[in-house]
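The values are calculated or read from the model by the stated rules, or taken from the named source; none is laboratory data. Bear in mind that the values here come from a model prediction, so they are computed numbers and not experimental data. Positions of Cβ are generated from backbone atoms using ideal geometry, with glycine treated the same way; all protein chains shown enter the neighbour counts.
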Amino acid sequence: MTERSALYQEVILDHNRRPRNFSVLPNATVEERGINPLCGDELTLYLRMDGDRIADASFQGTGCAISRASASMMTTLVKGKTRAEADAMIEQFRGLATGQTAVDDLPSSLHAFEGVARLPQRVKCAVLAWHTLHAALGIGASGSDPRERGARQ
Amino acid sequence: MAALVPRSDFTLLSCNPALVYLDSAATAQKPRAVLDAMSDFYESEYANPHRGAYALSARATERYARARAAVARFFGARDEACVIFTRGTTDSINAVAAAWGRANLRPGDEVIVTGAEHHANFVPWQQIAIERGATFTICPLAEDGRADVEALASLASPKTRVIAFNHVSNVLGAINPVAEIVSIARSVGALTVCDGAQGAPHMSVGFDALGADLYAASAHKMLGPMGTGVLIGRREVLESMPPYQTGGDMIAFVGDEHTTWNTLPHKLEAGTPNVAGAVGLAAACDYLTSIGMDAVAAHERALVRLAYERVSAIEGVRVHGPGASERSGVLSFTLGDIHPHDLATLLDERHICIRAGHHCAQPLMRRLGVAATARASFYVYNDENDVELLASALESAKRIFALA
């Protein structure tokens with residue numbers, strides 16, 4: 001009997017088991033809450049902004065493995081990024097999770113989430129942290145996919 | 001333990017031999033007999049009933065009436081006119097909450113529901129209570145998830161106008177003591193509304209003997225089509241209930257200033273009815289009757305007992321609700337700290353369909369102290385092998401999440 005899962009690849013399981021940046025960030029300059037009402041996933045994202053740059057990021061919350069691993073990887077990857085760089089990453093991740101756009105530029109670890117595109121009901125779990133980051137950065141609500149609307153409240 | 005009916009009766013199941021369908025509490029698969037009856041109506045007897053002065057319309061009317069008679073027989077309601085076709089349980093309960101509630105609830109009155117209600121038997125009452133200035137009271141649950149009848153007896157007072165409760169919990173499979181609840185309600189003169197969405201598919205209802213004033217059910221959970229359901233009531237209750245909706249079919253005479261209502265059941269069925277839905281439900285009732293509801297209940301009990309044994313034996317599993325012998329074919333559980341949605345997705349990779357989430361019962365989730373559960377539910381087409389596949393998939397999920 002196979003013990004591998006198409007969706008739950010090792011990188012997702014690892015970030016779920018040992019989420020990185022899973023703490024309240026001291027000296028956070030931005031704090032944003034995201035909720036997925038369908039699943040009950042909820043997280044609080046903390047950012048310390050240094051001018052236009054994300055100096056540090058962390059999160060807290062409860063949720064499924066997909067939402068937790070996604071938040072864990074995201075907080076790791078956006079550290080040091082400018083607002084514009086982070087915004088581009090958010091857009092690309094949305095494209096990847098919804099299966100709508102090619103995403104060659106994204107770090108390979110995020111490709112583990114490609115599988116959720118086949119599971120529309122789990123897309124919201126994967127994008128929750130990214131939507132929360134979008135709101136935290138105060139970027140205008142452009143290009144939002146109607147399928148994802150309501151993922152963040 | 002074999003399935004109670006041949007899998008070949010269900011096209012979807014026979015075309016997908018690897019599928020393990022354990023979500024019948026959400027909706028049941030359809031036997032060919034139901035689909036055939038519906039297409040036969042469309043292909044050979046289709047016209048608008050109650051309308052035309054021509055033979056085809058009369059046949060459609062006759063087909064609709066026969067469907068009602070079959071459904072009445074299945075539910076044990078001798079008075080066929082007291083079987084109202086609706087869009088489903090949600091529609092049935094909303095009709096009662098809106099029509100009966102608006103006419104009868106006054107400020108200071110009380111509405112009681114239990115803490116284990118599906119949102120469909122919770123929110124309509126909560127909202128009509130707010131609208132009418134009535135008190136909305138939630139009856140506590142016993143340890144096993146059934147209504148705590150002692151608590152209910154002490155809550156109920158002459159101010160209590162309605163007690164709404166589930167026949168069977170959609171989350172826990174706990175079967176409520178209907179007779180005791182009805183007797184408490186009668187002692188204070190309260191109306192009883194029983195949500196039978198999870199009762200009717202799985203056991204003999206016997207409406208006339210049950211004692212509840214009103215009983216609601218959905219066709220799609222009992223092998224029938226989606227978008228069809230019933231509201232069954234005692235005649236004096238339905239007679240005194242104002243119409244929920246107005247329009248065609250439900251009137252006797254429409255004056256410029258006043259309108260009088262048609263007789264039951266038409267008074268409560270405004271507009272062109274969903275005849276094909278009623279025909280499908282009737283075919284589902286006949287299908288279930290041919291198996292025998294006692295056999296259905298016994299089959300589910302045997303499967304759920306086995307599932308309870310296998311699943312609760314897995315370390316880290318917590319099964320919610322009553323013991324194996326006191327539940328309908330529903331098993332809700334959590335496994336360690338694996339989120340139920342992850343569990344459902346992992347099982348889906350093995351073609352096992354279970355439900356995960358709050359099951360439209362958030363008040364119950366709060367009372368259980370969980371955000372969500374995984375739920376496997378069984379029906380006539382499930383067999384022992386389905387249970388074994390569920391158990392081994394849960395073991396595998398544990399290993400994947402490295403809990404083992």
Exercise. Which one of these is outside any helix (DSSP H, G or I), of a type in the set (A, V, I, L, M, F, W, C) and more than 28 Å from B:V205 (Cα to Cα): B:A397, B:A402?
Worked result: B:A402
Problem set entry | Odd one out for B:V370 among (1) out of contact with any helix residue (DSSP H, G or I) (no Cβ under 8 Å at 6 or more places or on another chain); (2) away from chain A (no Cβ under 12 Å); (3) in a loop (DSSP other than H, G, I, E, B) | (2)
Seminar exercise, completed: Exception for B:H351 within (1) within 17 Å of B:V20 (Cβ to Cβ); (2) over 20 Å from the mean Cα position of the chain (by Cα); (3) in contact (Cβ under 8 Å) with a residue 24 or more places away in the chain; (4) surrounded by 24 or more Cβ atoms within 10 Å (Cβ to Cβ) falls at (4)
Seminar exercise, completed: For segment A:105-121, the count of residues that are more than 14 Å from every other protein chain (Cβ to nearest Cβ) and either without any contact (Cβ under 8 Å) to a residue 40 or more places away in the chain or outside any helix (DSSP H, G or I) (or both) equals 7
Exercise. Out of B:A397, B:A391, B:A402, which single residue is within 13 Å of chain A (Cβ to nearest Cβ) and over 26 Å from B:L303 (Cα atoms)?
Worked result: B:A402
Exercise. Do we find that B:T345 is within 24 Å of the chain's Cα centre (by Cα) and β-branched (V, I, T) in this structure?
Worked result: no
Exercise. Right, B:L268: crowded, with 17+ Cβ neighbours inside 10 Å and under 24 Å from B:T27 (Cβ atoms) or not?
Worked result: no
Problem set entry | In segment B:308-348, the residues that are surrounded by fewer than 23 Cβ atoms within 10 Å (Cβ to Cβ), of a type in the set (S, T, N, Q) and touching a residue at least 24 places away in the same chain (Cβ under 8 Å) | B:S325, B:T334
For this session: Output yes when any residue across segment A:70-82 is at pLDDT below 95, within 14 Å of A:W130 (Cα to Cα) and within 14 Å of chain B (Cβ to nearest Cβ), and no when none is.
Result: no
Exercise. Scanning segment B:104-125 for residues that are over 23 Å from B:S187 (Cβ atoms) and touching a residue at least 12 places away in the same chain (Cβ under 8 Å), which turns out surrounded by the fewest Cβ atoms within 10 Å (Cβ to Cβ)?
Worked result: B:P107
Seminar exercise, completed: B:V296 vs (1) in contact with a Pro (Cβ under 9 Å, 6 or more places away or on another chain); (2) surrounded by 21 or more Cβ atoms within 10 Å (Cβ to Cβ); (3) not assigned by TED's automatic domain parsing to the domain that holds B:L389: all pass except (3)
Exercise. Condition test on B:I181, is it surrounded by 24 or more Cβ atoms within 10 Å (Cβ to Cβ), of a type in the set (A, V, I, L, M, F, W, C) and either free of Cβ contacts under 8 Å to residues at least 40 places away in the same chain or not assigned by TED's automatic domain parsing to the domain that holds B:E239 (or both)?
Worked result: yes
